[in-house]
Every structure is written in C-alpha cells, then in structure tokens.
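Okay, so here's the structure we're looking at.
The values are calculated or read from the model by the stated rules, or taken from the named source; none is laboratory data. Source: prediction; values computed, not measured. Heads up, the Cβs are rebuilt from the backbone with ideal geometry, glycines too, and the neighbour counts pull from every protein chain shown. Calculation scope for accessible area: heavy atoms of the full protein, side chains included, ligands and nucleic acids excluded. Shrake-Rupley method; radii C 1.70, N 1.55, O 1.52, S 1.80 Å.
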Amino acid sequence: MQLPTAKNYLLLTETIARKPMLRTRFTAQAYFVLAALFDLINQGVLKIGGAIEIVDNAKYADLPQYLDGLKKRINGEIEKGAQTKDALDLITSWDIANDIYDGIGSELLADQRVEKVPFKNNLDTHIIYVPTDAAREQVTRYLRDQMQANAIDQAAISLVVIMEQLGALRWLFADKGELSKLVVAFHRTVGDNAEYAGESRLAESAAKLITDKKFRMDSWLS
C-alpha cells in the first residue's frame with residue numbers, strides 16, 4: 001500500500017538547508033504523521049470520527065512494516081476507548097514519525113526521487129531523504145493542476161488541507177494572483193465534499209493539539 005499524501009508532503013517539505021524538517025521540526029513531523037493517517041482513511045483502512053476505528057482488518061494487517069509502531073499505538077488507543085481528541089496525540093510521536101520517514105524515504109529513494117544525505121544532530125548521524133528538484137517541481141505542478149481541476153484526487157485534497165492548515169501554500173505558489181485563483185477554484189470544487197470537511201476538522205483538531213503540546217514543552221524547558 002502506498003501513502004501518496006505523506007510522500008508528497010515529504011517531497012514538498014523536506015530540506016537540508018538549516019535543519020532537516022522531518023527529523024528535527026516538531027510541527028512538521030506531526031503533520032507528516034497526520035498525512036499518513038489521511039492516506040489510511042482515504043484508502044478505507046481507518047475511520048476517524050468520535051474515535052479511531054479499523055474499517056478493513058485485512059488491509060490493516062497488510063500495512064508496510066514501517067507502520068508497525070503506528071499500528072501499535074492505534075491498537076492501544078482503541079483498547080482504551082480513547083476519543084479522537086486524545087487519540088490524535090499519536091501524531092506527535094517522534095518514534096512513529098521517524099519510522100514512517102525511513103520507510104517512505106526508502107521507497108522514494110528506490111524511485112530516484114530523493115537523495116540520501118547524512119546529517120549529524122548532537123551525537124547522532126541521521127539519514128535525510130532530500131527531494132530532487134525535479135521531484136519537488138513534479139509535486140508542485142501536480143498540486144497546481146489538481147487545485148484547478150473539476151475532479152480532484154482525494155490525496156491532493158488531503159495535501160491541500162494540511163498545507164492550508166500550515167499556511168504553506170504561499171511558499172509553493174509565490175505569485176499571489178495565481179495562489180488566489182487556485183484557492184478559489186479548489187474551494188469551489190470541494191465545497192460539498194464530505195471527505196474534505198472531515199479532514200479539515202481533523203486538521204484543526206491536530207493544530208490545536210500541536211499548539212498545546214508545544215506550549216507545554218516550552219514551559220517545561222524554560
């Protein structure tokens with residue numbers, strides 16, 4: 001099973017310029033895990049309403065090994081009967097984010113869409129999967145085309161939901177006039193889309209959780 005939203009998010013987000021976004025940035029990591037959850041929702045594996053539910057046990061059992069940590073956490077949340085607002089805390093797991101990163105990064109490397117670059121952080125050296133210029137441009141072009149299409153891929157909708165929540169679309173489309181037209185066209189198409197509405201609500205809940213957790217972490221470190 002492929003995770004197109006998470007893959008495209010990595011290709012648009014990852015950089016080695018200062019610090020790798022998906023190895024060191026708490027917010028970027030959390031939305032990366034959320035992107036993977038969106039993929040599992042879109043492919044009929046999970047349902048997230050008032051709580052997380054496994055919809056297709058066969059697909060769930062057959063997920064890639066790098067999702068084992070995510071599955072273990074999901075299973076635990078289901079056993080606890082956790083509500084979505086509590087269960088979503090799993091997106092802030094550093095271990096889960098890194099497992100998914102290594103798995104998807106290896107897949108993208110096999111497709112020659114990223115390059116492996118070593119990065120030393122404190123005493124550890126990590127492998128960073130840096131997107132090629134061609135791969136990053138390909139995803140940007142895909143998103144541009146999808147946002148103005150009459151029928152939009154669900155993976156593209158999920159990616160826009162995340163990028164809007166991050167306020168990141170302006171970095172992808174620097175021309176303000178073009179961005180405005182794309183956003184208007186996109187929202188005109190997804191206005192009655194139930195999946196878009198549901199994932200937007202989840203992204204808003206995730207944003208609140210991330211902000212609250214960052215505040216607690218900053219207070220603890222200060």
Return a yes/no flag: does segment 145-153 have any residue that is of a type outside the set (Lys, Arg), touching an Asp or Glu at 6+ places or on another chain (Cβ under 8 Å) and closer than 30 Å to GLY76 by Cα. no
By residue number, the members of segment 158-170 that are of a type in the set (A, V, I, L, M, F, W, C), over 12 Å from the mean Cα position of the chain (by Cα) and in a helix (DSSP H, G or I) are LEU169
Quick one: which helices (runs of 4 or more DSSP H) sit completely within segment 27-100 and have at least 1 residues that are in contact with a Gly (Cβ under 9 Å, 6 or more places away or on another chain) and at pLDDT 95 or above? 57-61
For segment 142-160, does any single residue satisfy the condition of being closer than 19 Å to ARG25 by Cα and without any contact (Cβ under 8 Å) to a residue 40 or more places away in the chain? no
Qualifying residues in segment 101-111 (those that are more than 13 Å from VAL33 (Cα to Cα) and assigned to a helix (DSSP H, G or I)) - the one nearest to the chain's Cα centre (by Cα): GLY105
Counting only residues that are over 26 Å from GLY103 (Cα atoms) and open to solvent by 20 Å² or more (accessible area, probe 1.4 Å), how many does segment 147-169 have? 6
Residues in segment 92-110: is at least one farther than 28 Å from ARG18 by Cα and touching a strand residue (DSSP E or B) at 6+ places or on another chain (Cβ under 9 Å)? no
Given GLU195, GLU115, GLU137, which one is in a helix (DSSP H, G or I) and at pLDDT 95 or above? GLU137
Of all residues being open to solvent by less than 30 Å² (accessible area, probe 1.4 Å) and small (Gly, Ala, Ser) in segment 70-100, which is nearest to the chain's Cα centre (by Cα)? Just the residue, please. ALA97
